[in-house]
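The structure appears below as structure tokens.
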Amino acid sequence: MRRFLLLLCLLASPALAQTPPPPAPPLPRVVVTTDQGAFTVEVDTVRAPISGANFLRYVDQKRLDGITFYRVVKVADHFGFVQFGVQNAPKRVLPPIKHEPTTLTGIKHKDFTLSLPRLKPGTAQGEFTIMLGDQPSFDADPALPGDNLGFAAFARVVEGQETIVKIFDAPTSPTATIQGAFKGEIPVTPVKVLSARRARP
């Protein structure tokens, strides 16, 4: 009897060793509601924990409510980006964060990817861009000279992409600027963010 039980244990051991690990918890999602429609963002807090947590802080503290999509860069049809954020408003902006290059995270600037614009590495705060079309020029490239760390991609639009396209395709002013910058990239009617809220933990 003892030998029989031992044999059963030995036979069962490989099966126990092959038990798959429990599935990873779902990534957090955020529903951004604008006056032109809503879209849902999935935030990759696993591969880009610093950049992802930064975005979620702005969401959880409701710092994105009432801001606008204030810049649209149109290079070609469905190729460019839209930009929204707090524009360094003192009551909204949070401290800058450590830069997470795409060579570290593996998150590339693909169609509908969210990214953090910056000046030098480590200056990104509360401005966010959404890519239209794949744009590897925003990825880090160690083969390039100088500042070759690119921008930090950290999330993607998973629902409501038509809202982003609508924002991108809206008319821009040929003369308007923001403090002398972004001429030709300012929407005639900036799209307002009504709310940004987590859809799940």
Practice problem: Starting from the Cα gyration tensor of the chain, take the square roots of the eigenvalues, sort them a ≥ b ≥ c, and report rounded, prolate or oblate (rounded when a/c is under 1.5, otherwise prolate if a/b is larger than b/c, else oblate). | Solution: prolate
Self-check item: Rounded to 10°, Cα long-axis angle of helix 2-17 versus longest principal axis of the chain
Solution: 10 degrees
Exercise. Provide the gained length on full extension for the span residue 93 to residue 147, in nm with one decimal, where the gain is 0.36 nm per separating residue minus the Cα-Cα distance.
Key: 17.0 nm
Exercise. Could you check which residue among 162, 127, 42 shows the biggest mean-square fluctuation in a GNM of the chain with a 10 Å Cα cutoff?
Key: 162
Exercise. For helix 49-60, report the angle its Cα long axis makes with the longest principal axis of the Cα atoms of the chain; keep it between 0 and 90° and round to the nearest 10°.
Key: 60 degrees
Self-check item: Potential extension, residue 18-residue 79 segment - 0.36 nm per residue separation minus Cα distance
Solution: 17.4 nm
Practice problem: Given a cut-off of 21 Å, name the pairs among 98/120; 166/192; 74/98; 120/192 whose C-alpha atoms lie farther apart than that in the structure shown. | Solution: 74/98; 120/192
Quiz item: Which whole-number percentage describes the relative contact order of the chain, with Cα contacts under 8 Å and a sequence gap of 6 or more?
Solution: 30 percent
Exercise. Just check the stretch 89-201 against the gyration tensor rule for me: Cα atoms, a ≥ b ≥ c as the square roots of the eigenvalues, rounded for a/c under 1.5, and otherwise prolate or oblate depending on whether a/b exceeds b/c.
Key: rounded
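Each reported figure results from applying straightforward, stated rules to the coordinates on display, with no laboratory input. Just so it is clear, the structure is predicted and the values come from calculations on it, not from any experiment.
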